[in-house]
Amino acid sequence: MEQNTRLSIAAGIMDRFTGLTGLMPASKTPCRYLWTDAFAVCNFLGLFCQTGDGRYKNLALQLLDRVHSTLGRHREDDTRTGWISGLDEQEGKKHPTKGGLRIGKKMRERGPSDRFDQGLEWDRDGQYYHYLTKWMHALSLTGKATSDATYNRWAIELAKTAHAGFTYLPYTGGRKQMHWKMSIDLSRPLVPSMGQHDPLDGFITYNQLRMLAAGFEGKPPFPDLSEESADIASICEAKNWITDDPLGIGGLLFDACRVAQMIASRHFEQIELLETLLESSLIGMESFTKMDPLKLPAGRRLAFRELGLSIGIKAVEKLGKLIRDKPVPFKAATRLKRLVEAFKRYKRLAEILESFWLEDTSQKAGTWTDHSDINMVMLATSLAPDGFLTL
């Protein structure tokens, strides 16, 4: 598929997304979901950069505002009102991420005295750390695209809030840990276990925020993230990142792409981390493909998880080009080059996944229609990934 065709299809998907989720025309009952909207902001910014059409930049900024005014505030069916940070209206608008952001699930969060139900918990509101890091990513890229430091400040304020809310020191002592899901006000864990890649995602995102903030010379200083960066680096020590989950593999490759860009910009030096991420992803890819999951019908597959993998494969392609174009920071990394070369055999897989989920029959399956917003947005990201992948 030619690049112009891919871009045109992605633009069409995002145009439909604006109407279906109540972004444009504006709906009184919009469908805002933090993960989906983070990818959507990046897609709109990418379309703006690639087409020059200012409408997409405006859509990105409108979506940012809608997310903050919806997910940065308490739910309409909650007894609490206003900004979840507890700030008054004026200060809340100036610092919309200081309390974190709700996931956007349809059901209210589980109350302190409610019984835990693992099945229901997936549909209940709260805060997810790995959703917040995606929003930090979207905010920082918006700051770069608009040359407006406000967005980077909001991203760093969110990082500090998320870190304080999700990390904790066990009563038994030792190294800090992280909760996977927190209550809306960040006062109590809803799922106390730690997501496998959450600390890694946080470590890379914090460093990304610090790098992009450095581009705003002459601006008032940003909040300092050095303590949080060191803190989460210690949580990452000796962790195993290997997974055979397609979305998890895609996330590792997205992280690897960000690390490579930071190394190329001389804001990061840990080539060994980049090698570890690629090696872990390669092991996961081999395990995933051995299961032959593509033989299953659409009704037994989850598009957004597979498309996350497709986006990750595109990230490796970008990473490989970066190594070729800027060889100096990577000149001694022969293992890195071998790992990138090993991924070439999976390039066709991304095209297969995109073609499958572009088919009308696939999009009629319940697994597509039940998650249509997130599926649409991640399909658009896979078709035109630069808005999401480029720092």
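Considering only the stretch 249-295, state which residues are in contact with a His (Cβ under 8 Å, 6 or more places away or on another chain) and small (G, A, S).
Correct list: G251 only.
Give me a count of the residues in the stretch 20-42 that are more than 19 Å from K106 (Cα to Cα) and either in contact with a Phe, Trp or Tyr (Cβ under 7 Å, 6 or more places away or on another chain) or modelled with pLDDT under 95 (or both).
6
Looking at (1) touching a His at 6+ places or on another chain (Cβ under 7 Å); (2) in the same structural domain as K181 (by TED's automatic domain parsing), can you tell me which one G82 breaks?
Among (1) touching a His at 6+ places or on another chain (Cβ under 7 Å); (2) in the same structural domain as K181 (by TED's automatic domain parsing), G82 violates only (2).
Take the residues in the stretch 148-178 that are without any contact (Cβ under 8 Å) to a residue 24 or more places away in the chain and of a type in the set (G, A, S), then tell me which one is surrounded by the most Cβ atoms within 10 Å (Cβ to Cβ).
For the stretch 148-178, the residue satisfying everything is A164.
Only one of (1) out of contact with any Pro (no Cβ under 8 Å at 6 or more places or on another chain); (2) more than 21 Å from K219 (Cβ to Cβ); (3) not charged (D, E, K, R) fails for H137. Which number is that?
For H137, the failing item is (2).
Answer yes if at least one residue in the stretch 327-349 is under 20 Å from F388 (Cα atoms), surrounded by 16 or more Cβ atoms within 10 Å (Cβ to Cβ) and small (G, A, S), and no otherwise.
no
Which of the residues that make up the stretch 297-324 are free of Cβ contacts under 8 Å to residues at least 12 places away in the same chain and over 26 Å from the mean Cα position of the chain (by Cα)?
Of everything in the stretch 297-324, just one residue is free of Cβ contacts under 8 Å to residues at least 12 places away in the same chain and over 26 Å from the mean Cα position of the chain (by Cα), namely R324.
Kindly list the number of the only condition in (1) outside any loop (DSSP other than H, G, I, E, B); (2) touching a residue at least 24 places away in the same chain (Cβ under 8 Å); (3) in contact with a helix residue (DSSP H, G or I) (Cβ under 9 Å, 6 or more places away or on another chain); (4) not hydrophobic (A, V, I, L, M, F, W, C) that fails for G100.
(1)
Of the conditions (1) in a helix (DSSP H, G or I); (2) in the same structural domain as N152 (by TED's automatic domain parsing), R66 fails just one. Which one is it?
(2)
Just one of (1) surrounded by fewer than 20 Cβ atoms within 10 Å (Cβ to Cβ); (2) within 26 Å of W122 (Cα to Cα) trips up L252, so point out which.
(1)
I'd like to check which helices (runs of 4 or more DSSP H) are fully inside the stretch 340-391 and have at least 2 residues that are within 15 Å of R305 (Cα to Cα).
Details: elements: 347-358, 360-363, 366-369, 372-383, 386-389.
Because the criterion is at least 2 residues that are within 15 Å of R305 (Cα to Cα), the helices (runs of 4 or more DSSP H) in the stretch 340-391 that meet it are 347-358, 360-363, 366-369, 372-383.
Can you spot a residue in the stretch 375-391 that is surrounded by fewer than 18 Cβ atoms within 10 Å (Cβ to Cβ), under 21 Å from T243 (Cβ atoms) and in contact (Cβ under 8 Å) with a residue 40 or more places away in the chain?
Keep residues of the stretch 375-391 that are surrounded by fewer than 18 Cβ atoms within 10 Å (Cβ to Cβ), which gives 386, 390-391.
Pick out the ones that are also under 21 Å from T243 (Cβ atoms) and you get none.
Within the stretch 375-391, not a single residue is surrounded by fewer than 18 Cβ atoms within 10 Å (Cβ to Cβ), under 21 Å from T243 (Cβ atoms) and in contact (Cβ under 8 Å) with a residue 40 or more places away in the chain.
For the stretch 31-71, give me each residue that is surrounded by fewer than 21 Cβ atoms within 10 Å (Cβ to Cβ), free of Cβ contacts under 8 Å to residues at least 60 places away in the same chain, more than 20 Å from H130 (Cβ to Cβ) and of a type outside the set (G, A, S).
Within the stretch 31-71, T51, D53, R55, N58, Q62, D65, R66 qualify.
Pull up the stretch 189-199, narrow it to residues that are in a loop (DSSP other than H, G, I, E, B) and in contact with a His (Cβ under 9 Å, 6 or more places away or on another chain), then point me to the one that is surrounded by the most Cβ atoms within 10 Å (Cβ to Cβ).
So the residue we want is H197.
Quick check, is S362 of a type in the set (S, T, Y) and either over 22 Å from the mean Cα position of the chain (by Cα) or within 20 Å of T5 (Cα to Cα) (or both)?
Numbers: of a type in the set (S, T, Y): yes; either over 22 Å from the mean Cα position of the chain (by Cα) or within 20 Å of T5 (Cα to Cα) (or both): yes.
Yes: the conditions hold for S362.
For the stretch 69-89, name all the residues that are closer than 19 Å to L34 by Cα and either of a type outside the set (S, T, Y) or assigned to a loop (DSSP other than H, G, I, E, B) (or both).
Those that are closer than 19 Å to L34 by Cα and either of a type outside the set (S, T, Y) or assigned to a loop (DSSP other than H, G, I, E, B) (or both): L71, G72, R73, H74, R75, E76, D77, D78, G82, W83, I84, S85.
When both residues are 6+ apart or on different chains and their Cβ atoms are under 6 Å apart, which pairs have a first residue that lies in the stretch 182-208 and is in contact (Cβ under 8 Å) with a residue 60 or more places away in the chain and among the β-branched types (V, I, T), and a second that is part of a helix (DSSP H, G or I) and surrounded by 24 or more Cβ atoms within 10 Å (Cβ to Cβ)?
Every condition considered, the pairs that remain are T205/T133; T205/M136.
Here are some conditions: (1) within 23 Å of the chain's Cα centre (by Cα); (2) at pLDDT 95 or above. A342 meets all but one. Which one does it not meet?
So the condition that A342 fails would be (1).
Which one is nearest to the chain's Cα centre (by Cα) among residues in the stretch 150-176 that are modelled with pLDDT under 95 and not aromatic (F, W, Y)? Can you show your working first?
First, the residues of the stretch 150-176 that are modelled with pLDDT under 95: 169-176.
Next, from what is left, pick out any that are not aromatic (F, W, Y): 169-170, 172-176.
Details: L169: 26, P170: 27, T172: 32, G173: 31, G174: 29, R175: 26, K176: 23 Å.
Ranking the candidates gives K176 first.
Just give me the residues in the stretch 169-184 being touching a Gly at 6+ places or on another chain (Cβ under 7 Å) and not in a strand (DSSP E or B), in sequence order.
Answer for the stretch 169-184, where residues must be touching a Gly at 6+ places or on another chain (Cβ under 7 Å) and not in a strand (DSSP E or B): W180, S183, I184.
The values are calculated or read from the model by the stated rules, or taken from the named source; none is laboratory data. This structure is a prediction, so every number in the text was calculated from the model and none was measured. Using ideal geometry, Cβ is built from the backbone for each residue, glycine included, and neighbour counts are taken over all protein chains shown.
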